[in-house]
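The values are calculated or read from the model by the stated rules, or taken from the named source; none is laboratory data. From a predicted model like this one, the values you see are computed outputs, not experimental measurements. Glycine gets a Cβ as well: all are built from the backbone with ideal geometry, and neighbour counts include every protein chain shown. Side chains are part of the model used for accessible areas, which takes the heavy atoms of the whole protein and leaves out ligands, DNA and RNA. Shrake-Rupley method; radii C 1.70, N 1.55, O 1.52, S 1.80 Å.
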Amino acid sequence: MTWIILSLAGLCEVAWAISIKSTMGFTRLWPSLFTITAMAASMYLLSLAMRVIPVGTAYAVWTGIGAVGTAILGIIMLGESANIGRVIGIFMIVAGIIVLKISTE
């Protein structure tokens with residue numbers, strides 16, 4: 001269950017990272033409220049996961065999910081580049097997350 005909570009924290013990380021652009025510097029109310037809520041949810045869920053998962057592992061997995069998810073959605077939703085270097089980097093982050101998960105059990 002703790003790993004599911006950490007995964008949800010990572011997904012909230014992706015949500016706020018993608019939505020922050022639409023806040024226009026936090027000048028737009030609804031996108032700003034969504035972004036702040038997703039930030040708070042992400043931090044809260046991360047704190048719950050850290051009750052069981054070591055801090056270094058939890059933080060690395062959380063940021064990894066955020067980085068990979070944001071990069072993929074940036075490519076899909078925002079038309080960002082999907083060059084070979086970015087794709088390899090994404091796969092390397094995913095591999096690192098898998099190794100951390102396996103080595104923590």
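What value, in deg cm²/dmol to 500, does the helix sum -39500 (n - 2.57) over DSSP H runs of n ≥ 4 give at 222 nm once divided by the residues of the chain?
Estimated from H runs of four or more residues: -27500 deg cm²/dmol.
How large is ³J(HN,Hα) for each residue in the stretch 11-26, as worked out from phi by the Karplus curve 6.51 cos²θ - 1.76 cosθ + 1.60 (θ = phi - 60°), to whole Hz, x for Gly and Pro?
5, 5, 4, 4, 4, 6, 5, 6, 7, 4, 4, 6, 6, 6, x, 6
Please give the per residue accessible area of the stretch 17-105, computed with a probe of 1.4 Å over protein heavy atoms only, in Å².
The answer is 62 Å² per residue.
Pairs of alpha-carbon atoms within less than 8 angstrom and 6+ residues apart define the contacts here; what relative contact order does the chain have, in percent? Intermediate values should be presented prior to the final figure.
On the way: 106 pairs, mean separation 33.7, N = 105.
Normalised by residue count, the contact order of the chain is 32 percent.
Once the Cβ-Cβ distance between I4 and I72 is put in as r, and R0 is 22 Å, what FRET efficiency do you end up with, to the nearest 0.05?
0.65
Quick one: 3J(HN,Hα) in Hz for the stretch 46-59, Karplus 6.51/-1.76/1.60 with θ = phi - 60°, rounded, Gly and Pro as x.
Running phi through 6.51 cos²θ - 1.76 cosθ + 1.60 with θ = phi - 60° gives 4, 5, 5, 5, 6, 5, 10, 7, x, 3, x, 5, 4, 5 Hz.
Using each residue's phi in the stretch 70-78, evaluate 6.51 cos²θ - 1.76 cosθ + 1.60 at θ = phi - 60° and report the 3J(HN,Hα) Karplus result to the nearest Hz, with x for Gly and Pro.
Rounded to whole hertz, the list is 5, 5, 5, 5, x, 5, 6, 8, 10.
Please report the carbon-and-sulfur percent of the accessible area for the chain; probe 1.4 Å, protein heavy atoms only, DNA, RNA and ligands left out.
C and S atoms contribute 76 percent here.
Full extension from I84 to T27: what is 0.36 nm times the residue separation minus their Cα-Cα distance, to one decimal in nm?
Roughly 17.0 nm would be gained on extension.
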